[in-house]
Every structure is written in C-alpha cells, then in structure tokens.
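The structure appears right after this line, and notes come after that.
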Amino acid sequence: MFDIFKSMIKEEWRMHSSLFGHSGFALFPVFIFLFTFFVSLVLPVFRDIVTDVQIALGMHYLFLLVGAMAGAFGLMGRELMNRRFGQASLIAYSSRVLPVSERFIFANFLGKDIVYYFIFYILPFVTGFALAAEFVSAGNFGALSTLMTLLLTLSLSFMIGISAIFFLSTVYAHSGKISLFCLFAASFLLLHISGNLNQGTLYDLPSFSFFLVQSENQLLLSGVLILVPSALSLIFLKIDFPQAQKSFSNSFSKLCRYLGSYRYAAFVAKDSIDLKRSEGGLGKIIFSFVLPLLLVWTLLSALGKVIPALSTLTLFALVLGVLSSSMYNWLTEYDIFASYAFLPLKASDMIKSKLNSYLILNLIPLTILTMLALKKDPSSLVPSLLLFLTISFYMVSVLIYLTGLSPSINLYNGKTFAIYTLSVMPLLMLNIILSMFGSYYALVDLLLVPFALYLLGKGFRKWDRNECRCF
Amino acid sequence: MIEVKGLSKSYGQTKAVDDVDLSIEKGELFGLLGPNGSGKTTIIKMLTGQIKPTSGTLKVHGINVLEDPLRVRELVGIIPEQETPPSFLTAEEYLHFVAKVRKMEHYEKVCDKWFEFFDFEDQKTSLCKDLSRGTRQKLMFAQAFLHEPELAIIDEPLINLDPVMQRKVKDFLRGYVEDGGTIFISTHILEIAKEICTNIGIIYRGKLIHTGRFDDPELQGKNFEDFFLELVSRWKGVSKEILKEPPKGISALV
C-alpha cells in the first residue's frame, strides 16, 4: 500500500542528493532554519512600516507560491529531468509500465510532496521563526499557540497551492490554454461582480483567515480548497498534455546577422530565442522582474518616509542590482553544458556567453533606474547607476563562481547557499549603512569591480576543471 | 589517427576503464564493442577531452588530448550517447548554431543537404524539444559531419533510427571510409559491427579484451556472436553457454 509512497520519498531524496551529495542537501533545511532565524531577528526594525498581520499575510502567500511551484515542478518536470539526468523518469510517470493506476500513483505523488516539503521547508521555517521570537520582541507571534497555528496554516497554504496547480494542470491537459485563461477571467469577473475585488481580497485566503481568527468555517473552507481540486484532478486525471508541434521561421540567422561579427553573436542569439520561446515568453520578464520591482519601489518609498536618512533611489539601485542577478538564472535554465560538451567549447566559453547575454539584459533595469532617477532626483542619477552596475556585476560574479552554469540547482546545496548568503548579505548591510552618508558613497563600491573580476577568472578556471556530469 | 596508451579512468574504487591500449589508423572503421556499462562511453568522452583520464596518454590527429582538447573537438565530428540539442532552437537553427560555433562560412546549403539526406526537411522549422528521438539522432548525425571532419567518433550510431535510415547511415559510413575518412563507433549491437566495421575492439568491465580485424584468421569460419560470448565468458569466468542460453522458465529468474 505504502510502497509507492516510500519509493517516491526515496526518489525525491536521491534526485537532490545525487546533485549535491547527501550532506549538501541535508544542510538545506538547516540553512532555511538559520536564514529564517536571522531574518526574523531584524523583524522589529520593520514593524514601523509593516504590521504583524501583513508579515503573516506575506508568509501565507509565500507558502501558497511554494506549493504551486512544487506542484508545477513535479507535474511538468519530466523534460527538465531528462536534461539533467539523461533518460531518467519519475515514478509519477511509470503507470504505463507498472500495473498501478495513474490515479493511485498521483495520489501518492501529492502525499509525497506534502510530507517532503513540510519537513524540508515549512517546519524549519517556522522553527527558525519560533527561535527568533525567544530573543526579540515578537509582538503577536510570541505565544506558542500562535506558532503552532502558524505551522498548521502555512501547511494549509502550501497544500492549497499544490492542489490548485494540480487542478489547473488538469484543466490545461483537457482543454488547453484558452480554458485556463477563461477560468482566471471568470474568477476575476465573479469577484468584481460580487464587489470583492479589492485589496481585502488577499485577506480571504482561508488558511490565512484561520490564522487570524480560528473559526471552524475557515478551517473547513481550507479543507475544501485542498480536497475538492485534488479529488477533481484525480477523477479527471490526464497525464499526456496535448502538444501541438509548432513551427518557427529561422530567427537565429536573422539575429546573428544583426549582431554581426560580435564574438558571442551565436550564443546571445540563442539565449534571446530561448527567453522568447520558453514558457511565459517575454511576459515572464514583466511578471517576475518588472512587477516585483514596482512592489519594491513602493515599499522603499514607505521606508524612506519612516527613516528619512535612507535614500529611496539609492536603496532601489541596490535592490535592483541584487534582483538583476536572477536574470542569470533565466539564461542558464534552458540548456545544459552536456549539449555543447562535444563541440569545441569550454565551460568558461558558455559562462562568458551567458555573461554577455546577462549584460545585455541589464539594459532593462538600467533603463528603469535611469527613468526613475531622472523623474525623482536627477542629481543622484550617476551614483545610482554606478551602484546598480557594480552590485549587479559583483552578484553575478559570486553566482558564477559558486554555481557555474547551474545556479538554480547548485544553490540548493546548503553549503553553497550559505557561502552565497555570507558573500552578499554583509555587503548589502554595509551599503545600506553607507548610503546614509550621501549617494556618492557608491564610489566605494567600485572596489568591488576588481574583486568581481578576480572571482570571475577563478570561476572560469574552476568550471573548466570540473568534469561534465550532464548538467 | 588515434593512439591510446595505458588509459585508465576510476571513479572512487570503481575502475570504469582499465589500462587500455589502442591504435586506429586512417581509413579504418573501428567498432568498440561491449555490453552496457563496459566503459565504451567513458573511452569516447576521454578521446574527445570531455573527461580526463586517471592515467594514460591519448593522441587524436597527433594532438595530445589532455593538452589541447578544444583543437581535437574542432577537428573531430562527435555524436554523443544522448541526443540533447538545445530545446528552443528549431532543427535548422540548431545546425546553423553548430556551424557558427565551428566558424563555418556559407553553411546554409550544407545544412540543407543534410536535411535532404535524412529526409526530414519537413521538420526543419520544428523545435528540437518536439522532435522524435529518431529525428534528434538524425540531427546529431548532421551536426557531426557538417564540417566534413577526417575523423568521426560516434556513440551508438544507429540508435533510434528506423531500418531505412539505418541502411542509409551504414552506406554513408562505408562510403565515408572509402573516401579516406576514419570512423570510431561504439556499440553493443554485434550485427552492426559485423556489417560495417573493418576493425574491432571488445571491451568488458573496462578491459580491452580483444582487438583485431574482421578478416583475421582467428575469426574466420566462426560465428561472431559465439566468439564474443566466448571471450566475455572467459573473462567473466563462466561457461559461455550460461551467457548464451535463455533461462529455462520464469523460475530461473526469481
């Protein structure tokens, strides 16, 4: 009865530990614990701009998102699996060769994800938070009963996220993108007609509502939101998503012609095609980069009002530099070095080409920053740009040195993530403090450039020495 | 064309390749034969500088692979074991990409010739991720011969190809060697080697246990499958009949 469940747990463990080693992956929850602990220690500083309720709101939506991402990876990760592990497949896809129904396998799959992520993410997160509450004034979070409720409601949020994505993927599998879009549009329309489409809608997440006011109805509603979509998905389960084979005209040669004799023309052209044709297309730049930036600007503007010594524009340039490094992750997501290892290329050639594409993509945040600076404080334009460019370059150099061509995988290694955080966090704190002495402090950050170049050189040599393990 | 001496590769306690000596002359169609996991792919990866040996020396085209692996990969055409062209390029874009990496000029017509040869012109504009495994293999074949290398190293050349394409590829490889090219293939399918190879090497658990020509007197009048099983059983220390005969009934397996 539990054989498949146990095998799936083992599979998940081995999949990660084969990449980072047993201890490397086992350290990950420890790191989540430590990270949450240290971040929670500075929470009192932010109490002036965000309330306890808003902090709790953020946590619940964070775990809703983690649940959605965990489900999406599990359901749609076969292509990724094949590229990382060769012709491997998950047990979730084995119903064709085992005398077990697809429904039974996927019910186990859902159970496995819940148990696994509870142990690796939710539990260390809440434990770190609870420990920090012992040392600082934790406001409404101090009581043990509140923390236990938090553990329950964050788990519920995670489960709502995973069952929602499971349900949406079932709708998609049966009816395609148009139905999915109609479903979203109908939900928004219903909320609008009922007069509930406003800021308060965010507070209607039943797991979060239950955290605020422990009512049986909210707990029941959370259960319904987990069980009904999961049950519907299992009843109407369809594994093979319809795949219409699309045709594309040759954009690669056109782009190469535009780029002329530029050394990395072929790679930059390929990267831009990857970004354009992958799931979400160029829209993901807006949703995963530009929209969060607007949110950051709003938050920093609020912070600027509370602590006038902090310059909103300078802090924004700093955050922009940090967030921009996530674009390196996008660029490295679509291929693996094994796809090129038989060509006359070194790993460092690939990294250099990605770095070129990264620098070109940095024109987007650079434009946003220039426009904001010109509008808000033209005199800060030069130091802000300088700060953004040096931080972005330093961040990507650290990322390259530590993770090479696989940041989204290698950062899951607890040790690597710890080194990454230690290389970045103190520097950011120092920048925040220095920024109080005026925006031209940014000149000090020029010192980061030679260090970043040194790291890059070291990183190139390190990844050239590293033998290709298919990723 | 290929000179290998004392080549070994260990992963911890496991010896994937153990003290292999090999010499392949220009104009040979050499087949490295062996069961799954015997070390064939590891040897290919070392020959092409993708991984470093634990000990031993390798020369390809007279170039020391350890000193200049990039030059070796510039000169040689390679088809890896797994067909992994980048997902979001179309088949045509992928060949153009490889041509650009290989610094070729006026490559469009050469690419078109390969689409025609393998009869998949209708898939030119499809994304690599949407191609069938057979079509991907055709694409990998095309990329390896795009720059007309003098030496091609191919891991499992006929994998995923249908019989019509298999015949076409076999004829192409024979013709290629007749025109002065050199081919190194690895396979675990004996029939392929028997049909197209001029020379063979048999590898078992990382050890090269036989090298020779197909027209060697040792092989004359012998069933090649028997010869192969005999060699393997001698190394394994069991009777070749055990390897050859299917188990009698399911009870023999459980």
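State whether the residues of the stretch B:126-141 include one that is closer than 19 Å to B:Ile183 by Cβ and in contact (Cβ under 8 Å) with a residue 60 or more places away in the chain. There is at least one residue in the stretch B:126-141 that is closer than 19 Å to B:Ile183 by Cβ and in contact (Cβ under 8 Å) with a residue 60 or more places away in the chain.
Filtering B:Glu156, B:Glu150 for residues that are surrounded by fewer than 16 Cβ atoms within 10 Å (Cβ to Cβ) and touching a residue at least 40 places away in the same chain (Cβ under 8 Å) leaves a single hit, B:Glu150. When the residues of the stretch A:198-242 are filtered to those that are assigned to a loop (DSSP other than H, G, I, E, B), under 25 Å from A:Ser101 (Cα atoms) and open to solvent by 80 Å² or more (accessible area, probe 1.4 Å), the one that is modelled with the highest pLDDT is A:Phe236.
For A:Cys182, the conditions (1) farther than 19 Å from A:Ile165 by Cα; (2) at pLDDT below 75 all hold with the exception of (1). Taking first residues from the stretch A:440-453 that are over 16 Å from A:Met395 (Cβ atoms) and partners that are surrounded by 13 or more Cβ atoms within 10 Å (Cβ to Cβ), the Cβ contacts under 6 Å between residues at least 6 apart in sequence or on separate chains come to A:Tyr440/A:Pro383; A:Tyr441/A:Leu434.
If you go through the stretch B:74-95 and keep only what is open to solvent by 10 Å² or more (accessible area, probe 1.4 Å), touching a strand residue (DSSP E or B) at 6+ places or on another chain (Cβ under 7 Å), within 8 Å of another protein chain (Cβ to nearest Cβ) and over 19 Å from B:Glu148 (Cα atoms), you end up with just B:Phe88. A count restricted to the stretch B:105-139 and to residues that are within 12 Å of another protein chain (Cβ to nearest Cβ) and surrounded by fewer than 16 Cβ atoms within 10 Å (Cβ to Cβ) stands at 6. Residues in the stretch B:198-219 that are more than 12 Å from B:Leu33 (Cα to Cα) and not in a strand (DSSP E or B): B:Thr198, B:Phe214, B:Asp215, B:Asp216, B:Pro217, B:Glu218, B:Leu219.
Can you report the number of residues in the stretch B:50-73 which are open to solvent by 50 Å² or more (accessible area, probe 1.4 Å), free of Cβ contacts under 8 Å to residues at least 60 places away in the same chain and either more than 9 Å from chain A (Cβ to nearest Cβ) or touching a helix residue (DSSP H, G or I) at 6+ places or on another chain (Cβ under 6 Å) (or both)? Of the residues in that region, 8 qualify.
A quick yes/no check of all residues on (1) open to solvent by 10 Å² or more (accessible area, probe 1.4 Å); (2) closer than 19 Å to B:Pro86 by Cα; (3) away from chain B (no Cβ under 14 Å); (4) over 20 Å from the mean Cα position of the chain (by Cα):
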| residue | (1), (2), (3), (4) |
| --- | --- |
| A:Asn329 | yes, yes, yes, no |
| A:Tyr334 | yes, yes, no, no |
| A:Lys346 | yes, yes, no, yes |
| A:Ile351 | no, yes, yes, yes |
| A:Ile364 | yes, no, yes, no |
| A:Thr367 | yes, no, yes, yes |
| A:Met371 | yes, no, yes, yes |
| A:Ser379 | yes, no, yes, yes |
| A:Ser392 | no, no, yes, no |
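Of the listed requirements (1) under 19 Å from B:Gly34 (Cα atoms); (2) surrounded by fewer than 11 Cβ atoms within 10 Å (Cβ to Cβ); (3) modelled with pLDDT of 90 or more, B:Ile183 misses just one: (2). Scanning the stretch A:105-156 for residues that are within 29 Å of A:Val45 (Cβ to Cβ) and among the charged types (D, E, K, R) turns up just one, A:Glu134.
Regarding A:Ser408, is this residue at pLDDT below 90 and either more than 14 Å from every other protein chain (Cβ to nearest Cβ) or touching a helix residue (DSSP H, G or I) at 6+ places or on another chain (Cβ under 7 Å) (or both)? Step through it out loud before you land on a result.
Numbers: at pLDDT below 90: yes; either more than 14 Å from every other protein chain (Cβ to nearest Cβ) or touching a helix residue (DSSP H, G or I) at 6+ places or on another chain (Cβ under 7 Å) (or both): yes.
Taking the combined requirement at face value, the residue satisfies it.
Checking every residue in the stretch B:36-49 against the condition of being over 21 Å from B:Arg102 (Cα atoms), more than 12 Å from the chain's Cα centre (by Cα) and surrounded by fewer than 21 Cβ atoms within 10 Å (Cβ to Cβ) gives at least one match.
The values are calculated or read from the model by the stated rules, or taken from the named source; none is laboratory data. None of the values given here were measured: they were computed from a predicted structure. Here the Cβ is made from the backbone with ideal geometry for all residues, glycine too, and neighbour counts use every protein chain on show. The accessibility values were calculated without ligands, DNA or RNA, using every heavy atom of the protein model including side chains. Shrake-Rupley method; radii C 1.70, N 1.55, O 1.52, S 1.80 Å.
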